[in-house]
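Notes for the one structure printed next.
Just so it is clear, none of the values below were taken in a lab; they were calculated from the coordinates. Small disclaimer: the values here were computed from a predicted structure and weren't measured. Don't worry about glycine lacking a Cβ; one is built from the backbone with ideal geometry, like all the others, and counts go over all protein chains shown.
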Amino acid sequence: MNGKLKVGLLGCGGIAQIAHLPALKKAENVEFTAICDVAEDLVNLMAKRYEVDAIYTDHRKFLEHADMDAVLLPVAHAFHAPLSIECMRAGKDMLVEKPMAMTVEECEQMLQVSEETGRQLQIGCMKRYDPGLQFAQKFVAEEMGERLSVSGWYCDTVFHGQYVHCLALPLRSSSAQRRPERGGTGDGHLDMILGHGVHAIDTIRFFGGDVVAVTTKVAEKRQGINSTSLFEFADGACGSFQLICTVKMDWFEGITVHGENGSVVAQIGFPYYRKASDVKVFDAKRGEYRTPAVPDADPYERQLEAFAAAILEGREVSPNAKDGLAAQKVMMAVHESAKAGKRVEIV
């Protein structure tokens, strides 16, 4: 390879337009070679906007003929498993938007195909590539010692749509776009976990490791859904996870970690601002606070560059298919605990 990974985009919907198309154009070690969507008018518009010559409306022709090593897949949740499996069997490494899939069983099948084909699969939990969170996680992993508590919260805002209008080009759609038969699972709490909670759960696992048990309570009112959980970790630490959609205030997301040799507090901003989290690390050994300066902080560009670097250098991607499966099990345990009104162990 010439130092760049050839990547094709399969799906030109909203998140592709807001985040992934600009990232494909900016990523230093990526060559954006092909684009595909069943909606001909939409794919032609995006190909022209981002100067891509190889255009497809049939994903099988895209996989057979496009000059690419990997596929970026930002499509509806229900399409993640079947399309990822087809792409991996066609010899392509995968960067798949979150969540990994709709069910644990689908995730297990995706992991199996990844292992059978030797193709890597990275989940689009781009907050692992927020440089502020990376700074904090390095302290937790290398200097903080034994963990006592890891807690995270994710509260979507009533201003979400206004943020998108402000920060992105006008979104384009087409009557020819392919959409799932059902818009979601039919369960508001589960849809919220799959669509939003996956980010916070992956971040909590990034800092705290494996979650082994969950106890969840849910309050559903006309104003929204509040899901609050107690998490138990494999190393004996515990913490909380709160997911609210929506809050009548600004975007509110963050994480706290407390341990043997210090603590971490991180306030995570609205993702499309492309701004690093506000992080404070307290190093108890030194008796001082530390905070990073990180002006280059587009997490979508950084995750794509990390994906490309891992593939080019023969390293493991992150979060990988095993991480995606583990996060899916936590999400389903959160939902099951709330529904059954009991503590749920994760196996």
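Distance between the modelled labels on HIS165 and LYS217, one decimal in nanometres: 3.7 nm (7 Å Cα→Cβ projection).
Given Cβ point charges of +1 (Lys, Arg) and -1 (Asp, Glu) and nothing else, what value in debye, to the nearest 20, does the dipole of the chain about its Cα centre take? In total the dipole reaches around 780 debye.
In degrees from 0 to 90, rounded to the nearest 10, what is the angle of the helix 40-49 Cα long axis to the longest principal axis of the chain? Roughly 80 degrees, rounded to the nearest 10. Expressed as a fraction of 2.2 N^0.38 Å, the value expected for a compact globular protein of N residues, the C-alpha radius of gyration of the chain is 0.98.
Using the Cβ-Cβ distance between GLU116 and LEU312 with R0 set to 25 Å, the FRET efficiency from 1/(1 + (r/R0)^6) comes to roughly 0.65. Simple point charges give the picture: +1 on the Cβ of Lys and Arg, -1 on the Cβ of Asp and Glu, and for the stretch 1-91 a dipole about the Cα centre of about 200 debye. Hey, what angle do you get for helix 299-313 against the long axis of the chain, alpha-carbon based, 0 to 90 degrees rounded to 10? Roughly 70 degrees, rounded to the nearest 10. Computed from Cα atoms, the angle from the helix 77-89 axis to the main principal axis of the chain rounds to 60 degrees.
In a DSSP loop and with at most 12 other Cβ atoms within 10 Å, the trypsin sites (Lys or Arg not before Pro) in the stretch 229-285 are LYS248, LYS285. Build a GNM of the chain with springs between Cα atoms under 10 Å apart, and of ALA39, ALA168, ALA19 the one that fluctuates most is ALA168. Positive contributions from Lys and Arg (+1) and negative ones from Asp and Glu (-1), summed over other residues with Cβ under 15 Å from the Cβ of SER173, come out at +1. Convex hull volume per residue, computed on the Cα atoms of the stretch 183-238, equals 91 Å³. Can you give me the C-alpha center-to-center distance between the stretch 1-71 and the stretch 124-180, rounded to a whole angstrom? Here the answer is 23 Å between Cα centres.
Of ALA136, ALA34, ALA310, the residue with the greatest mean-square motion in the GNM of the chain, using alpha carbon springs below 10 Å, is ALA310.
Remark: spin-label model distance MET249-GLU288 equals 3.3 nm, labels positioned 7 Å along the Cα→Cβ axis.
Dimensions of the stretch 230-347 from C-alpha coordinates, computed as largest minus smallest value along each principal axis and given longest first, are 45, 41, 36 Å.
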